[in-house]
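Asks: Below are the structure tokens for one structure; questions will follow.
Read-outs throughout are calculated quantities, based only on the coordinates presented, and are distinct from any laboratory measurement. Here the structure is a predicted model, which means the values were calculated and not measured. Cβ: placed from backbone, ideal geometry, glycine included. Neighbour counts: every protein chain shown.
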Amino acid sequence: MNECKTYPLATKFSIWEKVWAQGSFAAMGIAGTVGIILEDWIWVIPYAIIGGYGIPGIVMRHLTCPRCPHLYDYGDCLQAPPGMTRWLIKRRKTHPFSTAEKLLLFLIAVLIPGYPLYWLWSNKWLLIVFLISAVMWFSGQLLYFCKRCRVKQCPLNRARVRIQV
Ligand code: SF4
């Protein structure tokens, strides 16, 4: 029998939650970028577009953040200073994600950890740093933050999870 488990929704985020989310995401991006530059710098350009534009310019400006009660109702943000997030957002949204928006979010979520791996294999220490920070960020999201997230339209939201009992 399946039962729906709900988790207490977050309002604001503690400093430690922000350190975990922002620190692991930044470490993942820096390790990936340095790894590509050390091997073949020209290939860092697509990664700069995926991460450097994809996160602030697409995810934060158009996808999740325009729909975020943490920002609009509680004045806080997990991943960036709230003032910066508000500045990035084009306009507030309440409607569900379109199929194209979902595909774009998943594509960016796969490319951020996936793209640098080809160039990181030859640099064991950078690869270890990259993998640890990637596991920290994605496990933090999927096993903790997404279960307490108020962005109910986000396809990654796990505030209500079906569990087998
Ligand atoms: S907490 Fe809300 S505003 Fe901040 S990054 Fe997440 S979705 Fe965007």
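Asks: Assuming Asp76 fulfils every condition listed in (1) within 11 Å of the ligand (Cβ to nearest atom); (2) under 21 Å from Ile49 (Cβ atoms); (3) acidic (Asp, Glu) apart from one, which condition is it?
Replies: Going through the list (1) within 11 Å of the ligand (Cβ to nearest atom); (2) under 21 Å from Ile49 (Cβ atoms); (3) acidic (Asp, Glu), Asp76 breaks only (2).
Asks: Continuing with this model, one more query. Inside the range 108-159, can you point out the residues that are within 16 Å of the ligand (Cβ to nearest atom) and of a type in the set (Phe, Trp, Tyr)?
Replies: Matches in the range 108-159: Trp137, Phe138, Tyr144, Phe145.
Asks: Let me ask something else. Mind checking which residues of the range 79-98 are in a loop (DSSP other than H, G, I, E, B) and more than 7 Å from the ligand (Cβ to nearest atom)?
Replies: Just the residues of the range 79-98 that are in a loop (DSSP other than H, G, I, E, B), to begin with: 79-81, 89-98.
Correct list: Pro81, Ile89, Lys90, Arg91, Arg92, Lys93, Thr94, His95, Pro96, Phe97, Ser98.
Asks: Grab the helices (runs of 4 or more DSSP H) fully contained in the range 13-73, keeping just those with 3 or more residues being within 10 Å of the ligand (Cβ to nearest atom). Please lay out each step first, then the result.
Replies: Working: elements: 15-40, 44-47, 69-72.
Ranges flagged: 15-40, 69-72.
Asks: Okay, moving on. For the range 122-154: of the residues being within 14 Å of the chain's Cα centre (by Cα) and exposed (fewer than 15 other Cβ atoms within 10 Å of the Cβ), which is nearest to Asp40 (Cα to Cα)?
Replies: Here the residue is Val135.
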